[in-house]
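The values are calculated or read from the model by the stated rules, or taken from the named source; none is laboratory data. Quantities reported herein were computed from a predicted structural model and do not represent experimental measurements. Every residue, glycine as well, gets a Cβ built from its backbone with ideal geometry; the counts of neighbours run over all protein chains shown.
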Amino acid sequence: MEEEKPVEKNWRLRLHEVIYESNTLAGKSFDVALLVCILASILIVMLDSVAVYHKRYGHLFFVLEWVFTGLFTLEYLLRLVCIRRPLRYVFSVLGLIDLLAIIPSYMSVFYAGAQSFLVLRGLRLLRIFRIFKLSHFLSEMQFLGVAIKGSAYKISIFTLFVMTLVVILGSVMYLVEKGQNGFSSIPDSIYWAIVTITTVGYGDISPVTPAGKFVASIIMLMGYGIIAVPTGIVTTEMALAVKKRGQQNEACPNCGREGHDSDARYCKYCGAKL
C-alpha cells in the first residue's frame, strides 16, 4: 500500500500539469484542444439558432452538442480529481463558469415536451455562456482586471460629473427650445443630451432654434473630450499594472488558483507548496 502512494501522487501531478499548466507540450496541446472545442461548441449554438440551418442540420447539431457536453463534463471532473481541495475550484469563478457551460444541456433533459418547448429553447441559449470558458486562456491578461479595478473610483467620479452635466444641459435645451421640436419635457431633453454628448446622435430629436443649435454644437465638441477621459484613465492604470505584475502563471496544485508572485514558493490563497 505504501508503494502505491508515490504512483498516485505522480499520476495526479502529471494530470495537474496537463490541465492547469501551459508550460509543457502536453499542457499546451490540452489548452489548444480545449480552445478549439469551446469555439466549435459556440459556433454550433449560433448556427442552431438560424432557422434554415436548424431545419436542415438540427439532428447533427444535437449530436455534436452532446459530444461537446460530454467532453466538457470529463474536463470538469478531471479538474476536480487532480487537485487536493476540489471544493475550492467548484466555488471559484472559473469553476462556476465551467459548471454553467455544461449544466444547461443536462437541465434540458428534464424539460422535454411540447408545452415546455420554449423553456427548453431558453435553456439551450444559456450554452452561449461557454464563451466565458475562454477566461482559462487569459492568464496573461490578468493585469486588465487590476487596471479596471484601480480606475473604478476615478471613472465613477467622472461618470457622476457627466450625469450632472447632462442634467444641466438637458434642462438648458428644454428652456431654449421652449418645450418644442421634440424637447417636450426635461427627461426627453436629458435623453437628447446623453445621446449627443456620447456622439451617438440618433437624430430622432434635434434643435431648430439658433440658440439650440449653438448649445448643441458646444455639447458635441465636449463629447470628444469626455470620451477620451475614461480611456486615458484605464490606459494609465494598465501601464502601472503591467509594471507591477511580476506574477507567474503556475496554478496551485491544491486549490487551482493562479496569480502568484514570480518568486513565490507557497500559494498565497491556501498556503500549499507550489
### Task
Kindly indicate which of 25, 100 is surrounded by 13 or more Cβ atoms within 10 Å (Cβ to Cβ) and either under 24 Å from residue 256 (Cβ atoms) or touching a helix residue (DSSP H, G or I) at 6+ places or on another chain (Cβ under 7 Å) (or both).
100
### Query
What number of residues in region 44-69 are in contact with an Asp or Glu (Cβ under 6 Å, 6 or more places away or on another chain) and in a loop (DSSP other than H, G, I, E, B)?
0
### Query
Out of all the residues in region 137-145, is one or more surrounded by 18 or more Cβ atoms within 10 Å (Cβ to Cβ), at pLDDT below 90 and not small (Gly, Ala, Ser)?
yes
### Task
Test residue 32 against the criterion of being closer than 18 Å to residue 15 by Cβ, at pLDDT below 90, among the β-branched types (Val, Ile, Thr) and in a helix (DSSP H, G or I), and give yes or no.
yes
#### Entry: Among (1) in contact with a helix residue (DSSP H, G or I) (Cβ under 9 Å, 6 or more places away or on another chain); (2) surrounded by 13 or more Cβ atoms within 10 Å (Cβ to Cβ); (3) modelled with pLDDT under 80 - the single one residue 113 does not satisfy
(2)
